[in-house]
Each structure stands twice: as C-alpha cells, then as structure tokens.
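Comments concern the structure below.
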Ligand SMILES: *Cc1c(COP(=O)(O)O)cnc(C)c1O
C-alpha cells in the first residue's frame with residue numbers, strides 16, 4: 001500500500017523533528033481525529049485501534065459521553081481551585097465508592113501521580129503505626145510509572161541505572177513467587193505494591209493463590225496491600241476492578257488510564273481506616289479539576305450502566321478462542337490475559353516488525369517485549385472488529401513467515 005503523504009503532513013513532521021524534545025521513537029504519521037474503534041491521520045488514512053491510547057480509551061475515540069460532559073462543564077466551571085469542593089468531584093467520588101470496596105477517593109492526573117500518593121499514604125501509615133517502617137516491596141517486571149519514586153518502585157531492568165540516585169525504600173521480588181515475597185518482608189516494611197496483571201511487563205496475571213497468600217501475609221503483619229490497577233481497572237479485565245477476580249480486597253487501589261477514557265485523570269482509593277493524611281500532606285493544583293471530574297464521571301458511569309466490563313470479558317474470550325485456532329499455524333506460545341488485556345509470544349523476536357507492518361496495513365497493536373504482542377482495545381470492541389483485526393494480523397504474519 002502506497003501512502004500518499006500530503007504537503008501539510010510533511011510540514012508538520014518537519015516541525016515535530018525540529019521543535020519537540022526527543023523522548024520517543026514515533027512513526028512518521030500525525031494523528032488527526034478519531035471515532036469509535038478508529039483513528040485517522042492527516043493523510044486521511046484510517047487505523048483500527050487495538051491499543052486504545054494504551055488501554056486508555058475504554059469508550060473508543062471521541063465518545064458522546066465525554067463530549068457531552070466536557071461541553072456542559074466547560075461552560076459552567078473550568079477551574080475553581082483545589083482548595084474548594086466542586087460538584088462533579090463529590091458525585092464522582094460517591095460513584096467510585098458505591099461501586100468498589102473502598103470508602104475514600106483522592107483524585108490526581110496520571111497513574112504515576114496516583115501511585116506517588118499510594119506510596120506516601122503507605123509511608124504515612126508506617127510512620128504512624130509501624131514505628132517508622134517505610135519500605136515497599138514491589139515485583140520484578142512490574143510497572144508503576146515514570147516519576148522518580150514510581151520508577152524506583154518499578155522493577156524494570158533497563159531502568160536500574162537511569163537517573164541515579166534512585167528513591168530509597170523499594171525492594172523487588174520475583175512475581176508470582178509467594179516465598180520470595182514472604183522472605184522479603186522485614187521490620188522496615190510498610191506495604192506490598194503490585195499489579196494484579198503485569199501490563200507493561202508483558203501481560204502476566206497473578207495467580208489466585210499468590211494474591212490470596214499475599215493478602216494473608218499483609219493481614220498477619222499489618223502491612224498494607226496496594227493494587228496498582230492503573231491498567232487493569234475500569235472494566236478492562238472483565239470485571240470493574242481486577243481485585244474482584246481474586247476475591248481479595250486490597251487496602252489501597254490506584255486507577256488511571258481507563259478512568260478518564262482519554263482525559264488525563266487518575267485516582268487513589270482506600271478504606272476509611274487509612275483516611276490518615278493530615279491537611280497539606282498530599283495535594284496538587286489539578287487534583288479534582290472540574291473538567292477531569294466531569295469527563296471521568298461520565299466515563300465510569302457509562303462503563304457501569306452499559307456493563308462494558310461484561311463486554312470486555314466476552315470479547316476477550318472471543319479473541320482468545322481465535323488465537324487458539326491459529327496458534328499452531330503461526331507458532332504462538334503463552335497465550336495469556338484477562339478480559340481485554342491479552343498477550344501472546346511470537347516464535348521469533350519480531351514484535352517490532354509485526355507492529356510496524358500492521359501499522360502500514362491500518363492496524364494498531366503493541367509489542368511490550370521483542371517477542372510479545374499485546375492487545376488492549378477499547379471495551380466497546382465488537383466481534384466484527386476483532387475479525388477484521390485478525391485478518392490484518394494474519395496477513396502480516398503470513399508475509400513475515402514467507403520472508
Ligand atoms: C501506565 C501505568 C502507570 C503509569 O501511568 P501514567 O499515567 O503514565 O503515569 C502506572 N502503573 C501501571 C500499572 C500502568 O500500566
């Protein structure tokens with residue numbers, strides 16, 4: 001397929017290369033608009049989107065609920081101040097507590113910022129109740145964000161020496177290894193923090209026994225269990241929150257990505273027992289910002305009222321069945337995932353190439369590791385679009401096999 005690049009796009013790309021601080025390798029396309037499962041670039045080419053803004057656009061692109069909520073809010077109140085309540089902030093916190101096991105909500109702007117809040121809350125708890133314990137145990141291959149503290153919490157090998165010195169007080173143990181976790185806990189431990197399904201690490205779900213075991217340890221040692229549900233929360237795994245699959249209630253949960261459906265928004269949720277911050281301990285200029293509150297409220301309300309978690313479960317199963325059918329033909333291994341967070345391994349380390357070829361064919365998928373493909377489409381995806389995705393994927397894989 002020949003891509004006709006218009007003059008306008010060329011000009012934009014020159015600007016991008018001249019003026020943007022280089023931080024990421026990006027393809028030479030500029031996204032212009034989106035609707036539902038599709039994105040369009042400035043050359044008018046369309047892309048079927050199975051990345052969904054990185055597991056963010058749970059309602060798809062430019063959904064009516066977000067548009068209507070923002071239009072209403074922008075003409076009523078854009079910003080009051082973080083020192084005042086606003087209407088949507090209260091309604092949204094109520095909606096989240098009514099639909100989860102938690103009692104209290106703190107809003108922020110990104111997943112990393114919500115996790116910073118969780119780390120602070122755990123350290124506050126350690127100071128108040130555990131004789132100053134501050135250490136948080138996290139898992140190898142986990143991901144918690146890109147601020148200095150959340151990078152330190154993240155168990156990513158490539159980041160070990162980046163931006164030294166790291167924030168102190170994090171210990172990484174292998175994932176799904178209960179003994180390693182139990183052995184890592186010491187007198188200075190105040191919390192365990194992990195993702196129920198490691199997302200950026202390549203889609204690795206925690207086992208039921210592992211999570212149940214960790215919960216038991218946390219209760220016995222009176223340390224906090226923090227679930228980072230930034231990627232797994234808001235319907236992604238087939239239930240509103242992934243903790244529901246494990247029948248375990250964490251003490252703290254963080255949400256991001258899907259909670260704003262594309263609007264920058266995150267949240268920290270906890271139980272009444274841990275409502276222990278004092279005034280001024282935690283905050284931020286845009287925490288509870290009315291536009292974000294209106295957008296998030298509309299998104300979560302839509303996910304709940306349309307039961308999109310259930311759709312995620314059904315469509316996730318459908319993708320899995322189809323993957324199983326073609327597994328041997330293409331040499332896939334380790335099919336895994338939960339709901340619409342799905343990963344599988346290629347027989348060769350060609351993830352990057354597959355992603356690029358699919359992009360050329362008008363399909364967006366992700367490769368978090370050179371041998372892994374990850375799918376995380378909007379929760380509104382239908383069988384039709386899944387069939388279409390497989391058509392393109394198989395075409396690309398067939399071509400690469402024959403090379
Ligand atoms: C994406 C992600 C984060 C970071 O969220 P940002 O909004 O990029 O700061 C944290 N934890 C998990 C599990 C994530 O997937």
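The values are calculated or read from the model by the stated rules, or taken from the named source; none is laboratory data. None of these values were measured; they are calculated from a predicted model. Counting neighbours? That spans all protein chains shown, and the Cβs are built from the backbone with ideal geometry, glycine included.
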Among residues of region 255-269, those that are near the ligand (Cβ under 9 Å from one of its atoms) and at positive phi, counted: 1
Residue within region 84-100 that is out of contact with any strand residue (DSSP E or B) (no Cβ under 6 Å at 6 or more places or on another chain), more than 16 Å from the ligand (Cβ to nearest atom) and at pLDDT below 95 present: no
Residue match in region 61-81 (condition: within 16 Å of the ligand (Cβ to nearest atom), closer than 25 Å to residue 308 by Cβ and modelled with pLDDT of 95 or more): no
Positions within region 218-241 being away from the ligand (no atom under 16 Å from the Cβ), closer than 13 Å to residue 191 by Cβ and crowded, with 18+ Cβ neighbours inside 10 Å, in sequence order: 218, 223, 224
Selection within region 118-147 - within 20 Å of residue 107 (Cα to Cα), within 12 Å of the ligand (Cβ to nearest atom) and touching a strand residue (DSSP E or B) at 6+ places or on another chain (Cβ under 6 Å): 118, 144
Of all residues making up region 48-73, the number that are out of contact with any helix residue (DSSP H, G or I) (no Cβ under 9 Å at 6 or more places or on another chain) and more than 15 Å from residue 35 (Cβ to Cβ): 2
Matching residues in region 158-195 - criterion: being assigned to a loop (DSSP other than H, G, I, E, B) and touching a strand residue (DSSP E or B) at 6+ places or on another chain (Cβ under 6 Å): 169, 174, 175, 188, 195
Residue in region 227-285 that is nearest to residue 316 (Cα to Cα), counting only those that are without any contact (Cβ under 8 Å) to a residue 40 or more places away in the chain and part of a helix (DSSP H, G or I): 244
Qualifying position, being touching a residue at least 24 places away in the same chain (Cβ under 8 Å) and within 22 Å of residue 181 (Cα to Cα), among 111, 117, 142: 142
Which numbered condition residue 212 misses (of (1) in contact with a helix residue (DSSP H, G or I) (Cβ under 9 Å, 6 or more places away or on another chain); (2) away from the ligand (no atom under 16 Å from the Cβ); (3) within 20 Å of residue 115 (Cα to Cα); (4) free of Cβ contacts under 8 Å to residues at least 40 places away in the same chain): (3)
Residues located in region 124-140, provided they are crowded, with 19+ Cβ neighbours inside 10 Å and out of contact with any helix residue (DSSP H, G or I) (no Cβ under 7 Å at 6 or more places or on another chain): 126, 130, 135, 139
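Determine if region 184-194 includes at least one residue that is free of Cβ contacts under 8 Å to residues at least 40 places away in the same chain and surrounded by fewer than 22 Cβ atoms within 10 Å (Cβ to Cβ).
No, region 184-194 contains no residue that is free of Cβ contacts under 8 Å to residues at least 40 places away in the same chain and surrounded by fewer than 22 Cβ atoms within 10 Å (Cβ to Cβ).
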